[in-house]
Amino acid sequence: MKESIHTKDLYQSMGIEPDVYEFGEAILKNLTKRFQSIDETAEYNQLKVIKAMQEARVSEACLLGTTGYGYNDLGRDTLEQVYAKLFHCEDALVRPQITCGTHALALALMSNLRPGDELLSPVGKPYDTLEEVIGIRPSKGSLAEYGITYRQVDLLEDGSFDYEGIRQALSDKTRLVTIQRSKGYQTRKTLSVERIGELISFIKNIKPDIICMVDNCYGEFVQRTEPTDVGADMVVGSLIKNPGGGLAPIGGYIAGKKECVENAAFRLTSPGLGKEVGASLGVTASFYQGLFLAPTVTASALKSAVFAANIYEKLGFFVAPDSTEERFDIIQAITFGKKEGVIAFCKGIQAGAPVDGFVTPEPWDMPGYDSPVIMAAGAFVSGSSIELSADGPIKPPYNVYFQGGLTWQHGKFGILKTLQEMKKCGLIRL
Ligand SMILES: *Cc1c(COP(=O)(O)O)cnc(C)c1O
């Protein structure tokens, strides 16, 4: 018998029952405008990337790597110009030697702060891993150990900036302000580039020479502008998130004022050497090609997040952002209220993966967490969270955090798989 060429039938052969499929289709009908707007942003950002690459005169020779010291690495140096042009700033450091987002942020902080300086976060508690970098949780090699103090001003109850508190926290010692764009795994809202701009203006009005750094993780290409367009002196991020486009196998970036980037380069390699060394080995081509794909990959992740929000809100779960809210990062939180929901959701995401799709994720006691955590990731790049992935701590309110999807079609399949799993466990009725 001839095989059916109907999408629905292929879904069914991959475990998605017709009612689950139809439920998804009904939700999708109302998302046409939303998706169109996401595509328009992607088009704008795609052009931005091409323009930066053309202006930096990227050539075939740039795609080759170097070994050893890596002097005169054309591909590396040109890519850093591409990033500088893309972020409309003076310089950038984009390296495989920056091992992850936390490393990039630590590097930016440690290289631009000196003993006696104070660091201020005016947007509340930073990302978990930064607590040890700063020394909020005592840790070897933290900023605190080097005599760099830290202050934090929390957001107000309604999520707005505590301008009065920030004014009072700024002192002669305050050298650097760190602003986290994405909410990460907190309950506050993600900051739009516009709001970041307002905050930076306020701070610079009081103290013009302060360095404003933005943790840009998960935010790149979600909007048409980036924090450096609204006054940030430095943006910092990970290449296994949005700007790596799923192809970069490792890496981080720091883009901004020449002096800030230079400080970071001297810290990453060595005083005196700075940007001149650091072989790019074989990863340059994937850095370029990943950046080229990043706007549409980010759009796919956004569509997947919007789809998930609409599905689970319809089923009565609390979702953040909600089904209609404008998006400023790619993370979607869903509150299941019981652990079975978190586990079923993660099993569904895993079952939709192209790699390790046959594996069943289980909660485990991960080091550094105060409760078991379940994670779903069938990724080409280990730990890459621009790829379809989900995780949730097994504790009230039983939230799951979902992000990524290199293609929208994969995101859709993964979410339908979660629905199927939830249905199988009797947690939802369609
Ligand atoms: C992911 C992330 C980091 C840390 O990045 P890693 O690559 O996991 O070290 C820091 N800040 C935010 C907001 C993030 O999302």
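The values are calculated or read from the model by the stated rules, or taken from the named source; none is laboratory data. Treat the numbers as computed from the prediction; the structure is a model and nothing was measured. All Cβ positions, even for glycine, are placed from backbone atoms using ideal geometry, and neighbour counts span all protein chains on display. Calculation scope for accessible area: heavy atoms of the full protein, side chains included, ligands and nucleic acids excluded. Shrake-Rupley method; radii C 1.70, N 1.55, O 1.52, S 1.80 Å.
When the charge dipole of the chain is built from unit charges on Cβ atoms (+1 for Lys and Arg, -1 for Asp and Glu) and taken about the Cα centre, the candidate among LEU63, GLY124, ILE334 whose Cα reaches farthest toward its positive end is ILE334.
Count charges around GLY278 for me, please; just the other residues with Cβ under 15 Å from its Cβ, Lys/Arg as +1, Asp/Glu as -1.
Numbers: positive: ARG76, ARG95, ARG267, LYS275; negative: ASP73, ASP77, GLU80, ASP91, GLU262, GLU276.
Local charge sum for GLY278: -2.
Backbone geometry of the range 221-229 corresponds, through the Karplus equation with coefficients 6.51, -1.76 and 1.60 at θ = phi - 60°, to 3J(HN,Hα) couplings of 6, 6, 10, 7, 10, 10, x, 5, 7 Hz, x marking Gly and Pro.
What number, in percent, do you get for the relative contact order of the range 39-193 if the mean sequence gap of Cα pairs under 8 Å and at least 6 apart is divided by its residue count? Mind dumping the intermediate values first?
Numbers: 174 pairs, mean separation 27.3, N = 155.
Normalised by residue count, the contact order of the range 39-193 is 18 percent.
Under a model in which nothing but the beta-carbon of Lys, Arg (+1) and Asp, Glu (-1) is charged, the range 308-402 shows a dipole of about 240 debye around its Cα centre. Counting pairs of Cα atoms in the range 262-343, how many percent are more than 21 Å apart? Counting pairs separated by more than 21 Å, the tail of P(r) holds 57 percent.
Of all the accessible heavy-atom surface of the range 1-118, with the other protein chains kept in place and a 1.4 Å probe, what percent is carbon and sulfur? Walk me through the numbers before you get to the answer.
Numbers: 3690 of 6680 Å².
Answer for the range 1-118 is 55 percent, counting heavy atoms of protein chains only.
GNM remark for the chain: springs join alpha carbons under 10 Å apart, and the peak mean-square fluctuation among GLN12, GLN403, GLN81 falls on GLN12.
The angle between the Cα long axis of helix 258-268 and the longest principal axis of the Cα atoms of the chain comes to about 80 degrees, rounded to the nearest 10.
Heavy-atom accessible surface of the chain, averaged per residue, reaches 44 Å², computed with a 1.4 Å probe.
Between ASP158 and ARG114, what length in nm is gained on full extension when 0.36 nm per residue of separation is reduced by their alpha carbon distance? Walk me through the numbers on the way to the answer.
Numbers: separation 44, 0.36 × 44 = 15.84 nm, distance 3.45 nm.
Between ASP158 and ARG114, full extension yields 12.4 nm more.
Figure the gain on full extension for GLU259 and GLN409 (residue separation times 0.36 nm, minus the Cα-Cα span) and round it to one decimal in nm. Mind showing how you got there, number by number?
Numbers: separation 150, 0.36 × 150 = 54.00 nm, distance 4.27 nm.
Length difference between fully extended and current span is 49.7 nm.
The distance between label points at ASP77 and ARG137 comes to 4.2 nm (points 7 Å beyond Cα on the Cα→Cβ vector).
Excluding GLU131 itself, what net charge comes from residues whose Cβ is under 12 Å from its Cβ, given Lys and Arg +1 and Asp and Glu -1? Can you show the working numbers first?
Working: positive: LYS125, ARG137; negative: ASP128, GLU132.
Net charge in that neighbourhood comes out at 0.
Note on the range 218-293: the C-alpha convex hull projects to 5.4 nm² when averaged across all orientations.
Averaging Cα coordinates gives a centre for the range 224-276 and one for the range 293-313; these two points are 26 Å apart.
Counting only protein heavy atoms and using a 1.4 Å probe, the accessible area of HIS88 comes to about 110 Å². For the range 344-357, backbone phi angles converted through the Karplus equation (6.51, -1.76, 1.60; θ = phi - 60°) give residue-by-residue couplings of 5, 4, 5, 4, x, 4, 4, 5, x, 7, x, 10, 6, x Hz, Gly and Pro being listed as x. If R0 is 45 Å, what FRET efficiency do you get for THR32 and ARG429 from their C-beta distance, rounded to 0.05? That gives a FRET efficiency of 0.95. Pull out a ≥ b ≥ c, the square roots of the eigenvalues of the alpha-carbon gyration tensor of the range 148-271, then state rounded if a/c is under 1.5, prolate if not and a/b is larger than b/c, and oblate in the remaining case. It is oblate, given that a/c is not under 1.5 and a/b is not larger than b/c. Residue ranges 114-122, 379-387 sort as 379-387, 114-122 when ordered by packing (mean number of other C-beta atoms within 10 Å per residue, highest first). With R₀ fixed at 25 Å, the C-beta to C-beta distance from PHE266 to SER59 puts the FRET efficiency at about 0.30. Computed over protein heavy atoms with a 1.4 Å probe, the carbon and sulfur contribution to the accessible area of the range 336-430 reaches 54%.
Might you report the magnitude of the Cβ-based charge dipole of the range 23-86 about its Cα centre, with Lys and Arg at +1 and Asp and Glu at -1, to the nearest 20 debye?
Working: 8 positive and 9 negative charges, 50 e Å.
It comes to approximately 240 debye.
Our coupling estimate for the range 269-282, obtained by passing each phi through the Karplus curve with A = 6.51, B = -1.76, C = 1.60 and θ = phi - 60°, is 9, 6, x, x, 8, x, 6, 6, 10, x, 5, 8, 6, x Hz, Gly and Pro reported as x.
Using C-alpha pairs below 8 Å separated by at least 6 residues, the relative contact order for the range 121-172 is 37 percent.
The distance between label points at GLN289 and TYR69 comes to 3.1 nm (points 7 Å beyond Cα on the Cα→Cβ vector). Between LYS51 and ASP39, the modelled label-to-label distance comes to 2.2 nm, taking each label 7 Å out from Cα in the direction of the beta carbon. Net length available on complete extension from LEU10 to THR324 is 110.0 nm, with 0.36 nm assigned per residue and the Cα-Cα distance removed. Of the residues ALA309, MET110, ILE148, the one whose Cα sits farthest towards the positive end of the charge dipole of the chain is ALA309 (charges of +1 on Lys and Arg Cβ, -1 on Asp and Glu Cβ, taken about the Cα centre). Rounded, prolate or oblate, given the Cα gyration tensor of the range 314-419, with a/c below 1.5 counting as rounded? Since a/c stays below 1.5, the shape of the range 314-419 is classed as rounded.
If you count, for each residue, the other Cβ atoms within 10 Å and average over each peptide, how do 206-212, 416-422 line up from highest to lowest?
The packing order, highest mean first, is 416-422, 206-212.
Using C-alpha pairs under 8 Å with a sequence gap of at least 6, the mean separation divided by the residue count of the range 1-115 gives a relative contact order of 14 percent. Note on the chain: with charges restricted to the Cβ of Lys and Arg (+1) and Asp and Glu (-1), its dipole about the Cα centre is near 360 debye.
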